[in-house]
Amino acid sequence: MRPLPLAIATRCLNQPLKPALVLAAQFGAAGVQLDVRNELKPDELSATGRRELLHRLEEMRLSIASLDFPLRRGLLDPDRLDARISALKQAMDFASLLRCRVVTVRLGRLPGENEGTKDLPLAVLSDLAGHGNHVGVTLALGPGGESPTPLLELLRQVVAGPLGINFDPASVVSAGRSPTETAPEWGTSLSHVMVRDATREGDGTSTEVPVGRGEVPWQELLAVIYELNYRGWFCVDRTQGEDRPGDAARAVQYLRSLELG
């Protein structure tokens, strides 16, 4: 197995950005994911600030693996949709300036046939793909854990530019599906992979747990993803727990141990 390109989402390190970058490097990550709505806002960083950030990252031998654009609502929710799309395009522009080629965003569910918005998903995604093509950035959509088929059918209709999938095994487990069976369904659409784990109870509820302690069969999953000729980042994130930084560090160590196994 070739070396894993591992990144850490700095938001899970419970530190301001500068010390979070130091921690990520100390934990053995080669890259970081930055939150562009809460950690590093495009309109709050000058050209000089961007140069200083990139210089600092270079000194630490870190790359920006991706920028994340977190949403409270799904991407296609009609409420304030125009403002959401405009802000997302600004984040994509910002990524390009930071030499980052992937922006992740939660897609949410696709509208149903009877919701009066049949043409909306294709129009929105085509618009974003075209913008990404212009600035050299791929938008990686975070689906739920449901079947990939409807979204894949939609992505095949988007011809304006690249779109990809931000694959989150924990979400797949939470939906009661198998990560090792679901990843090949996405195929070459994978453009970013989250490193999170989860367990699912008999009543259908799920809980995020430290990587290696849940139901994601990591060694098998990594082999499956590599068979898809995936060349992107694996990004460690921890959204729950009392020791999120420690869990992130241990996740990096755990995946490195699988490389040696």
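The values are calculated or read from the model by the stated rules, or taken from the named source; none is laboratory data. All values reported here derive from a predicted model rather than from experimental measurement. For neighbour counting, all protein chains shown are included, and Cβ atoms are generated from backbone atoms with ideal geometry for every residue, glycine included. SASA here: full protein model, heavy atoms, side chains in, ligands and nucleic acids out. Shrake-Rupley method; radii C 1.70, N 1.55, O 1.52, S 1.80 Å.
Looking only at the stretch 40-65, count every residue that is acidic (Asp, Glu) and modelled with pLDDT of 95 or more and tell me the total.
3
Among the residues of the stretch 25-46, which ones are open to solvent by 70 Å² or more (accessible area, probe 1.4 Å) and within 19 Å of the chain's Cα centre (by Cα)?
Start the filter on the stretch 25-46 by keeping residues that are open to solvent by 70 Å² or more (accessible area, probe 1.4 Å), which leaves 26, 37-38, 41, 43-44.
Passing the criteria: 37, 38, 41.
Would you mention how many residues in the stretch 191-221 are open to solvent by 50 Å² or more (accessible area, probe 1.4 Å), among the polar types (S, T, N, Q) and within 22 Å of residue 29 (Cβ to Cβ)?
Summing the residues that are open to solvent by 50 Å² or more (accessible area, probe 1.4 Å), among the polar types (S, T, N, Q) and within 22 Å of residue 29 (Cβ to Cβ) in the stretch 191-221 gives 1.
What residue, of 188, 182, is buried (at least 20 other Cβ atoms within 10 Å of the Cβ), of a type in the set (Ser, Thr, Tyr) and farther than 30 Å from residue 15 by Cβ?
182
Rundown of residues vs (1) part of a loop (DSSP other than H, G, I, E, B); (2) surrounded by 12 or more Cβ atoms within 10 Å (Cβ to Cβ); (3) of a type in the set (Asp, Glu); (4) in contact with a Leu (Cβ under 9 Å, 6 or more places away or on another chain), yes/no style:
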{"site": "48", "(1), (2), (3), (4)": "no, no, no, no"}
{"site": "54", "(1), (2), (3), (4)": "no, yes, no, yes"}
{"site": "84", "(1), (2), (3), (4)": "no, yes, no, yes"}
{"site": "99", "(1), (2), (3), (4)": "yes, yes, no, yes"}
{"site": "110", "(1), (2), (3), (4)": "yes, yes, no, yes"}
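For the stretch 240-261, which residues satisfy the criterion of being at pLDDT 95 or above, open to solvent by 20 Å² or more (accessible area, probe 1.4 Å) and not acidic (Asp, Glu)?
Result: 244, 245, 250, 253, 254.
Just one of the numbered conditions (1) buried (at least 19 other Cβ atoms within 10 Å of the Cβ); (2) free of Cβ contacts under 8 Å to residues at least 40 places away in the same chain; (3) not in a helix (DSSP H, G or I) is not true of residue 68; which one?
Just one mismatch for residue 68, condition (2).
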